[in-house]
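Undergrad: Dropping a structure here in structure tokens format, bear with me for questions.
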Amino acid sequence: MKSTYIVLTFLVLGTVLLLASLNSRNTPSSAPGTLSTSLTKDYNEEDVETIYLAGGCFWGVEEYFQRIDGVVDAVSGYANGHTENPTYEDVISKDTGFAETVEVKYDPSKIDLTDLLLYYLKVVDPISVDRQGNDIGNQYRSGIYYVDDNQIEVIEKVLALEQKKYDEEFAIEVTSMKNFYVAEDYHQDYLQKNVNGYCHIDLYEAETGVERDPSLDERTYESEPSDED
């Protein structure tokens with residue numbers, strides 16, 4: 001009788017362990033809503049380039065860029081402020097200087113910075129000061145924050161060409177990335193988790209492509225000194 005009980009006990013334990021093993025294989029590596037530290041696709045950091053874009057509420061900006069082919073990852077956060085480790089409440093209610101910003105990582109073999117900026121300008125009001133859509137405040141200012149000085153020429157050329165379409169001067173802040181803090185988990189992929197959530201951006205603009213002026217492909221080179229010099 002005792003031996004039968006022991007055999008049954010081992011069978012039950014074995015079944016429990018087997019089910020636990022199968023369940024662990026089917027469980028996502030990170031729970032919904034948590035921010036993964038890896039890229040969303042099979043890329044290494046050295047294979048991608050990064051630009052930081054502010055254009056009002058980061059929920060829409062993040063979702064918009066995630067829909068563009070060639071974008072590897074888009075993460076919501078707070079950029080270029082003068083405090084440390086800000087919370088969402090700090091950014092919206094205190095004078096922290098941060099802008100709601102999206103870190104955009106992209107595959108340069110599929111899309112370049114010029115096209116990314118053209119996509120950006122499709123959905124951002126470039127002459128609006130401290131406002132995009134229904135969101136008003138310094139934290140909703142528009143901005144392009146570069147991480148490489150080589151990006152400056154591209155940014156200036158795209159903005160200069162786009163500026164010709166407007167009478168008013170652009171209010172887009174262009175400066176280097178000084179600091180960036182990832183926003184709280186509930187902000188990440190917000191519109192995927194809340195399909196009826198607020199968004200000031202027409203997300204379908206990500207699917208209609210961009211028109212690229214040929215002048216944007218012309219390189220600017222420093223003139224070389226002549227032999228006479």
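The values are calculated or read from the model by the stated rules, or taken from the named source; none is laboratory data. Owing to the predicted nature of the structure, the values given are computational and were not obtained by experimental measurement. Cβ atoms come from the backbone with ideal geometry, glycine included; neighbour counts cover every protein chain shown. These area figures cover heavy atoms from the full protein model, side chains too; ligands, DNA and RNA do not enter into them. Shrake-Rupley method; radii C 1.70, N 1.55, O 1.52, S 1.80 Å.
Undergrad: Rounded, prolate or oblate: which one fits segment 44-143, using the alpha carbon gyration tensor with axes a ≥ b ≥ c (rounded when a/c is under 1.5, else prolate when a/b beats b/c, else oblate)? If you can, show how the numbers build up before the last one.
TA: On the way: a/c = 2.46, a/b = 1.52, b/c = 1.62.
It comes out oblate by the Cα gyration axes.
Undergrad: Could you tally the net charge around GLY97, taking each other residue with its Cβ under 14 Å from the Cβ of GLY97, Lys/Arg +1 and Asp/Glu -1?
TA: The answer is -3.
Undergrad: Hey, any idea what % of segment 69-190's accessible area is carbon plus sulfur with a 1.4 Å probe? Walk me through the numbers on the way to the answer.
TA: On the way: 2520 of 5650 Å².
C and S atoms contribute 45 percent here.
Undergrad: Output the pairs from LYS157/LYS193; LYS94/LYS157; LYS110/LYS165 with a Cα-Cα distance over 31 Å in this structure; if there are none, say none. Show your work: numbers first, answer last.
TA: Details: LYS157/LYS193 37 Å; LYS94/LYS157 35 Å; LYS110/LYS165 28 Å.
Over 31 Å Cα-Cα: LYS157/LYS193; LYS94/LYS157.
Undergrad: If you find the alpha carbon centre of segment 163-181 and of segment 83-118, how far apart are they in angstrom?
TA: That distance is 13 Å.
Undergrad: With the Cα gyration tensor of segment 89-229 giving a ≥ b ≥ c as the square roots of its eigenvalues, does the rule (a/c under 1.5 for rounded; else a/b larger than b/c for prolate; else oblate) give rounded, prolate or oblate? Could the numbers behind the result be given before it?
TA: Values: a/c = 1.91, a/b = 1.70, b/c = 1.12.
Prolate shape, in that a/c is at least 1.5 and a/b is the bigger ratio.
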